[in-house]
Amino acid sequence: EIHIKEPVEKEVNPRLLPGELLLCEASTVYKYMQEDGSNRGTYGKLVCTNFKISFLDDDSASDDNEPEFKNKIVGENDVTLQCVDQIYGVYDEKKKLLTGQLRKYPERLIIYCKDLRVFNFCLRYTKEEEVKRIVSGIVHHSQTPKLLKRLFLFSYASAAPNNTDGRNGTVMFDTLEDWRDELERTKGNVKFKAVTTNEGYRVSEKLPLYFVVPICISEESILKYEGRGIPIWCWSCHNGAALLKMSAFPKEQDDSTSQMQKAFLDGIYKTISKPPYELLKVDDLSSSLPSLQDIQTAYTRFKQLFLIDNSTDFWATDVKWFSLLESTNWLEIIRRVLKKAVEVAECLERQHTNVLLIEETATDLCCVITSLVQVMMDSYSRTKLGFQSLIQKEWVIGGHSFLDRCNHLHKSEKEEAPVFLLLLNCVWQLVQQYPPAFEFTETYLTVLSDSLYVPVFSTFFFNSQHQRDTSASGESLKTQSGPFRFLTVWDWSVQFDPKAQAFLNNPFYAEKPKPDKSQRKTARFKHQRQLSLPLTQAKPSTKRGFFREETDHLIKNILGRRIGKFINSSDEPPNNLKEFYDSWHSKPIDYHGLLLPRIDGPEIKVWAQRYLRWIPEAQLHGGGTIAVTAKILDLMEEVQSLQVKMDEEHSQAVSGDVPSVTTPRNSARLSSLFPFALLQRQSVKPALPTSTWKDLEDEDDLVRRDDEFLDLSGDMS
């Protein structure tokens with residue numbers, strides 16, 4: 001039985017962006033609602049453009065009941081071509097992955113998205129010719145390899161006027177002045193210098209135009225091995241210790257080349273280990289952190305837990321949630337990465353030691369660790385502008401291969417790995433543990449993760465600054481208008497109006513110079529049962545926890561015995577890191593000082609807003625953090641209005657504007673995953689087998705015993 005919302009007669013046309021072209025469409029397509037298994041849904045038109053796949057029904061034409069948090073580029077029923085993960089066709093109730101040429105066309109189309117949405121379309125009532133066009137068009141444009149210039153990014157940049165600067169105060173690090181200003185801000189300009197050696201990309205196309213190296217490094221050294229073996233500066237600590245990174249030499253070399261490179265490295269290490277430089281500690285991330293392949297495998301398993309087709313699937317997996325979650329290894333990878341960042345912070349903060357991170361290209365895990373360390377140690381990086389500038393410096397200009405790691409062109413799955421997403425997951429752990437320390441919200445991080453797949457902005461669609469520059473200048477020859485500037489994702493006004501942008505800002509941010517230390521206890525939110533792995537007797541925290549074989553890890557992770565004499569680890573007590581960690585956590589928190597994440601056992605949680613936002617069963621109506629936030633915002637608004645009345649009563653001039661607070665109304669009806677899951681979501685009964693329901697007295701009993709379903713596995717077939 002199918003519950004049908006009758007198709008409307010009026011024509012609904014897609015809203016096209018500048019440069020967006022309609023490629024194919026199909027009418028009388030039936031879109032299933034995911035809320036239950038009743039096959040309820042709505043008729044509409046399914047279209048594919050050179051930018052997105054879009055479903056248009058009669059609601060698409062009206063602007064009534066628009067959500068407070070609306071994306072101006074990608075609508076609720078839109079998915080960009082880069083956001084499509086996999087496409088399945090259903091043939092006689094059997095699912096089959098769709099790639100390349102199709103001999104037979106499916107009766108149902110299921111689109112799994114990289115932002116974890118699932119679209120389910122029925123094509124039985126659609127004309128056969130239209131089915132062929134729309135299915136083959138969607139599969140071809142979203143799943144087959146592309147040329148870089150075929151990305152919508154170029155069509156949009158050619159057609160759309162770009163008169164705005166777009167950076168909104170974000171430092172782009174594309175000029176020498178930006179790097180010199182950063183050196184001055186961190187007091188690193190005494191020992192380090194910004195160099196112009198790579199102007200014209202004469203050293204390497206992988207390096208940025210401008211970067212910072214120790215003052216004692218000569219231009220000849222930088223040129224010798226195309227920038228390999230050169231310590232590149234990332235950040236300086238308040239005590240003078242610096243965080244550096246280096247791209248390693250290829251491991252498989254002939255003896256003579258290897259000896260020359262060894263001698264070159266020894267010379268570099270000796271130079272930067274003398275005064276005024278601090279002692280140097282070297283860490284090869286390829287041996288101390290999971291490989292990119294391990295990260296990709298873990299995330300592939302992890303995301304499957306959230307690509308839910310229906311309620312039955314959700315409740316079937318929910319009874320074995322903890323074992324499924326642990327088997328993915330994703331949370332363990334997050335824990336290991338955070339632990340590594342704590343190790344680096346301890347070297348910089350307590351040992352006053354320079355830390356040199358080494359990786360093959362220094363553009364993957366190096367970016368993750370250097371960014372995390374700065375978020376933990378530099379309060380500027382916890383402001384919105386500071387965090388955006390940090391992403392520009394370490395990732396965009398630093399040369400992270402976004403194009404390959406996100407597989408935007410579908411060239412090679414071997415290169416794909418969610419490295420940037422790993423960083424955002426790690427930062428989210430800090431944001432949810434210490435909310436007052438961050439000027440931005442988890443909604444900001446979620447939106448940033450979604451922006452990875454929006455090819456309107458150039459930020460996440462190139463492998464290097466060189467590739468971006470040559471693409472812009474090459475395209476300008478056709479347009480005859482000089483090199484145009486691509487849009488940057490940091491101009492949030494392109495995606496959101498001011499009202500929606502308010503959700504990106506944290507109203508509880510503890511601004512300088514008054515760090516509120518009294519909030520330590522309130523920052524420790526009660527763990528949500530379903531979002532973190534519990535500590536069990538079989539795996540006690542003392543064995544699986546933070547400090548397992550700590551000393552061995554510290555020693556084994558150091559690169560090369562040949563530089564052992566520059567490492568002063570033998571003088572350190574074996575539990576120095578544990579002492580540092582425990583000592584920090586025993587003191588009141590300075591929200592503008594060093595922040596160390598709690599990373600043992602259940603402290604590492606699932607980023608609920610990002611991964612559960614499209615699953616109605618996982619939402620708490622009128623509950624969750626948003627319910628508490630809404631109440632506090634109401635109080636803040638009341639206090640502000642009383643303050644204004646008092647000022648007026650005493651005829652005192654109000655200095656500056658009273659900060660406005662966006663209060664989500666009807667908070668009792670809001671979902672816990674607000675602002676993504678809004679008021680229209682209906683609560684759904686668990687689709688449990690009849691035998692299970694017999695064991696339960698009634699629905700109210702299930703509510704009272706909210707954890708009962710964890711023990712129902714014996715009754716599940």
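The values are calculated or read from the model by the stated rules, or taken from the named source; none is laboratory data. The model shown is predicted, which means the values in this text are computed figures rather than measured ones. Positions of Cβ are backbone-derived with ideal geometry, glycine not excepted, and every protein chain shown enters the neighbour counts. With ligands, DNA and RNA removed, areas are computed over all heavy atoms of the protein, side chains included. Shrake-Rupley method; radii C 1.70, N 1.55, O 1.52, S 1.80 Å.
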>> From Cα pairs below 8 angstrom and at least 6 apart in sequence, can you work out the relative contact order of the stretch 89-172, rounded to a whole percent?
In response: 23
>> Can you give me the solvent accessible area of S583 with a 1.4 Å probe, rounded to the nearest 10 Å²?
In response: 50
> Among Y380, F402, C426, whose Cα sits farthest toward the positive end of the charge dipole of the stretch 380-442 (+1 at Cβ of Lys/Arg, -1 at Cβ of Asp/Glu, about the Cα centre)?
Replying inline: Y380
> Mind checking the dipole of the stretch 289-446: about its Cα centre, +1 per Lys or Arg Cβ, -1 per Asp or Glu Cβ, Debye to the nearest 20?
Replying inline: 180
>> At 1.4 Å probe radius, can you tell me the per residue accessible area of the stretch 179-237 in Å²?
In response: 44
> How much accessible area per residue does the stretch 62-141 have, in Å², with a 1.4 Å probe?
Replying inline: 51
>> Give me the percent of accessible area attributable to carbon and sulfur for the stretch 119-251, probe 1.4 angstrom.
In response: 50
> Assigning unit charges at the beta carbon (Lys, Arg +1; Asp, Glu -1) and nothing else, what dipole magnitude in debye, to the nearest 20, does the stretch 241-363 show about its Cα centre?
Replying inline: 320
> Can you pull the percent of the stretch 281-401's accessible area that's carbon plus sulfur, 1.4 Å probe, other chains left in place?
Replying inline: 50
> Taking square-rooted eigenvalues a ≥ b ≥ c of the alpha carbon gyration tensor, is the stretch 223-295 rounded, prolate or oblate, where a/c under 1.5 means rounded and, failing that, a/b exceeding b/c means prolate?
Replying inline: oblate
>> If I stretch the segment between Q293 and D58 completely, what's the gain in nm (0.36 nm per residue apart, minus their alpha carbon distance), one decimal?
In response: 80.2 nm
> When the dipole is taken about the Cα centre of the stretch 591-638, and only Lys, Arg (+1) and Asp, Glu (-1) are charged at their Cβ, what size is it in debye, to the nearest 20?
Replying inline: 220
> What pairs in K52/K320; K114/K605; K146/K206 have C-alpha atoms more than 31 Å from each other?
Replying inline: K52/K320
> With every protein chain present, what is the per residue accessible area of the stretch 290-415 (1.4 Å probe, Å²)?
Replying inline: 29
> Between the DSSP loop rule and a limit of at most 12 other Cβ atoms within 10 Å, which trypsin sites (Lys or Arg not before Pro) in the stretch 227-314 are left?
Replying inline: K251
> How far apart, in nm, are two points set 7 Å out from the Cα along the Cα-to-Cβ line at T175 and at K149?
Replying inline: 3.1
